[in-house]
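Peer 1: The structure follows.
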Amino acid sequence: MTSAAPLIAFQHVSKSFDGGAIKAVDDVSLDTAEGEFLAVVGGSGSGKTTLMRLANRLIAPDSGNITIAGEDVAQVDPIELRRRIGYVFQSGGLFPHMSIADNIGITPKLLGTPPKEIAARVDELLDLVRLDRTQHRDRFPHELSGGQRQRVGVARALAAKPRIMLMDEPFGALDPLTRDALGDDYRALHRSLGLTTIMITHDMTEAILLADRIAVMRSGKLLAEGTPTELSESTDPYVGELLGTPRRQAERLQILQPKDGAAPQGGAT
Ligand SMILES: Nc1ncnc2c1ncn2[C@@H]1O[C@H](COP(=O)(O)OP(=O)(O)OP(=O)(O)O)[C@@H](O)[C@H]1O
């Protein structure tokens, strides 16, 4: 647990579907401090997306509550909430018939921002996510690579200058190198913009590399949470199983370590 007051707090949150037959989220209490990067991992159907949708008020909990900076989200106007919380979808969620500039500018437009200001903001955001302005502004989503589309998804989520970013498997569908590059770039943005981020990922290695803290979900319940080091000390068999892959990767990657402290070829410092 962190000592600072949480920016986002789930308190005994539950959500069922199909008349109670499916307990998607089952009595989850979880805090995220301001500036923290929290990864939520867990198998398919464990309740990760439902947890995000509850925070964003896309759905309402059956019981418990979610607060942002101490305020119950149920009391916050949904438009105001979307301004405070950026949301990045796995598929990018871009509107196919709209240009990249229009996709990125949609939230400022809905908020009544004057067109000139929107155009300037779109260019600023393209720079921020490292996409060339002139090359990309007028293209359509199908004219971009998967990685570029996800960069646009991040830019669009940042358009209204939110303090909080919720990301649902944002880099899951990308090849490993692109995934790595986008993860690193996003982590840098998280820091430089002072964001608080909750990111769902299936990939424990990605969670360890990017997040300050990791929450493990299973069957709607929060099974474990902590820093990567804390989790690696967990005796829970499922947590151990999730950590199996990164452990094996780490062991195999040992062979890439320079021997006897010698500098790697190329003389990088
Ligand atoms: N609108 C809905 N109506 C009925 N059941 C739902 C609904 N949304 C989610 N569920 C069910 O709730 C459970 C949790 O789903 P959720 O999407 O939160 O899991 P997840 O951990 O995000 O899975 P994945 O990693 O596959 O995206 C699943 O059994 C799912 O089928």
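Peer 1: If we only count strands (runs of 3 or more DSSP E) wholly inside segment 1-119, which ones have 3 or more residues that are surrounded by 13 or more Cβ atoms within 10 Å (Cβ to Cβ), modelled with pLDDT of 95 or more and within 16 Å of the ligand (Cβ to nearest atom)?
Peer 2: Output list reads 6-17, 22-33, 37-41.
Peer 1: Kindly state which helices (runs of 4 or more DSSP H) lie completely within segment 141-243 and contain at least 2 residues that are of a type in the set (Lys, Arg).
Peer 2: In segment 141-243, 146-158, 176-192 are the helices (runs of 4 or more DSSP H) which contain 2 or more residues that are of a type in the set (Lys, Arg).
Peer 1: Can you pull out the residues in segment 218-236 that are away from the ligand (no atom under 13 Å from the Cβ) and either acidic (Asp, Glu) or buried (at least 16 other Cβ atoms within 10 Å of the Cβ) (or both)?
Peer 2: Ala224, Glu225, Gly226, Pro228, Glu230, Leu231, Glu233, Ser234, Asp236
Peer 1: Quick check, is Asp175 in contact with an Asp or Glu (Cβ under 6 Å, 6 or more places away or on another chain), acidic (Asp, Glu), surrounded by fewer than 19 Cβ atoms within 10 Å (Cβ to Cβ) and more than 23 Å from Arg82 (Cα to Cα)?
Peer 2: no
Peer 1: Can you name the residue in segment 120-155 that is more than 13 Å from Ser91 (Cα to Cα) and small (Gly, Ala, Ser) and, of all such residues, is surrounded by the fewest Cβ atoms within 10 Å (Cβ to Cβ)?
Peer 2: Per the criteria, the residue is Ala120.
Peer 1: Okay, moving on. Being buried (at least 18 other Cβ atoms within 10 Å of the Cβ) and within 16 Å of the ligand (Cβ to nearest atom) is the filter here, so list the residues in segment 184-217 that pass it.
Peer 2: Those that are buried (at least 18 other Cβ atoms within 10 Å of the Cβ) and within 16 Å of the ligand (Cβ to nearest atom): Ile198, Met199, Ile200, Thr201, Asp203, Met204, Glu206, Ala207, Ile214, Ala215, Val216, Met217.
Peer 1: When segment 120-134 is examined, which residues are found to be part of a loop (DSSP other than H, G, I, E, B) and touching a helix residue (DSSP H, G or I) at 6+ places or on another chain (Cβ under 7 Å)?
Peer 2: Val129, Arg130, Leu131
The values are calculated or read from the model by the stated rules, or taken from the named source; none is laboratory data. All figures in this text were calculated on a predicted structure; none of them were measured in a lab. A quick note on method: Cβ atoms are made from the backbone with ideal geometry, for glycine too, and the neighbour counts reach across all protein chains shown.
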